[in-house]
Amino acid sequence: MDRQPATLSLTPGLLQSVWSMASNLRRLSSWAAGLVVAALLFNAPFAHCRDFVAEPRASSPITLHFVTWKADHPRAWDEAIQRFEQVHPHIHIKREIAPHSSTAYHDLLTQKLRNRDVSLDLFFMDVIWPAEFAAAGWALPLDEYFPQNERENFLPATIASGMYRHHIYGVPSRIDSGMLYYRKDLLEKYGFLPPATWNEMVRQAQAILVGERTAHPLLRGYSGQFKQYEGLVCDMLEFVGSHNGSFLTDDGRRSNLTAPESLQAVRFVREQIIQQLATPAALTYQESESLAVFLQGNAVFHRNWPYAWGLGNDPRHSKIVGKIGVTTLPRFSEGRSTAALGGWLYGISAYSRHPDEAWAFVEFMASPEMQKHFAIHASLAPSRLALYADPEVLHANPQY
């Protein structure tokens, strides 16, 4: 082959362009039961945390209740919260850990907000939730805390995702983009470069499965998210989009899944990937289950988000440390690589009795130092532009 290996480079320009496309597709959430927004496609010092975190007005001991979902890298979160409490000794953070499913987490969180639960102070928001939460009066407007000059340090479209009717309700924590992970050692063993197309990926996987059948009978060609939940919507949007199809018509009013381009992509996934390359249990897999298959060494290719890079290279979680490659998602021959792009934002409950203290926590966690910490120690892609030029961040995340 004379084609060069594909590489994944999450440059600020690329991220901004796909986030802009994601904003245009946010109307998909109402059509798909609020499930998805999609688009095409660090041991850090903490000595200066006081310089950028505003001190809250109160000084008596208080407890802030932070509702979030189960962290993929809990140690990174434990260290971050411990550091915040050292800087603000009168504030204690009590976390309520929701299920590791954005759909289940959304249900839990909205139930609390509908009940105007005053014990809820802070929460994580998926990128498609700010408008819903703002329209319902659940999220506190952050305009007075989060001025325009500070917003300019973030990817502009991540800021736009937290806006509703000219007010801002969320502070970007990180961004997510679908990626193709692969067994670098197996591709090299059989003389393959990372696949540029889905058909090429299928051919490579089939050849490797034949060659490894005796030595590794549990090996599968592909591990992805095929359970009926939000993750399936993300995965299928990537397949459909990379075949020049779409979920919605251009006016956003009707389903476009019966268009030939969309149908062909769906059939390919069912017939070539699910039936030929995946285990039958794949129809029950969310991110964590599909990642476990890959990290056990039982899949050649795996689709996931940036966080999987850190887990895949951590010997506490992975049996294939040093054997993993990552690249852009493949395309169909007539299409282009398409990745679901999302992210998470910090929000403050409109019913919180401690909004100033809650803001101190949000500002601390979204600071350059803490985003660098999460990028290095949890492989979470930053929402701050400058960190994509930080040598320590790039060393820990060569895929950027």
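The values are calculated or read from the model by the stated rules, or taken from the named source; none is laboratory data. These numbers were taken from a predicted model, which means no experiment stands behind them. Here Cβ is always computed from backbone atoms with ideal geometry, including for glycine, and neighbour counts include all displayed protein chains.
Taking the conditions (1) touching a Phe, Trp or Tyr at 6+ places or on another chain (Cβ under 6 Å); (2) in a helix (DSSP H, G or I); (3) crowded, with 24+ Cβ neighbours inside 10 Å in turn, Glu369 satisfies each one other than (3). Among the residues that make up segment 296-319, is at least one of them of a type in the set (Ser, Thr, Tyr) and assigned by TED's automatic domain parsing to the domain that holds Leu219? Yes, some residue in segment 296-319 is of a type in the set (Ser, Thr, Tyr) and assigned by TED's automatic domain parsing to the domain that holds Leu219. Evaluate the following for Ser383: is it crowded, with 23+ Cβ neighbours inside 10 Å and in contact with a helix residue (DSSP H, G or I) (Cβ under 6 Å, 6 or more places away or on another chain)? So Ser383 passes the test. Considering the conditions (1) in a loop (DSSP other than H, G, I, E, B); (2) at pLDDT below 95; (3) on the phi < 0 side of the Ramachandran plot, Gly231 is excluded by exactly one of them, (1). How many of the residues in segment 304-330 are among the charged types (D, E, K, R) and within 20 Å of Glu212 (Cβ to Cβ)? Matching residues across segment 304-330 total 2. Consider segment 58-95 and keep the residues that are part of a strand (DSSP E or B) and aliphatic (A, V, I, L, M). The one that is farthest from the chain's Cα centre (by Cα) is Ile62. Looking across segment 146-205 at every residue that is charged (D, E, K, R) and part of a helix (DSSP H, G or I), the one that is farthest from the chain's Cα centre (by Cα) is identified as Lys189.
If Pro74 passes every condition in (1) under 20 Å from Ser173 (Cα atoms); (2) buried (at least 18 other Cβ atoms within 10 Å of the Cβ); (3) not small (Gly, Ala, Ser) but one, which one does it miss? The single condition Pro74 does not satisfy is (2).
Scanning segment 287-306 for residues that are assigned to a loop (DSSP other than H, G, I, E, B) and either buried (at least 23 other Cβ atoms within 10 Å of the Cβ) or modelled with pLDDT under 95 (or both) returns Trp305, Pro306.
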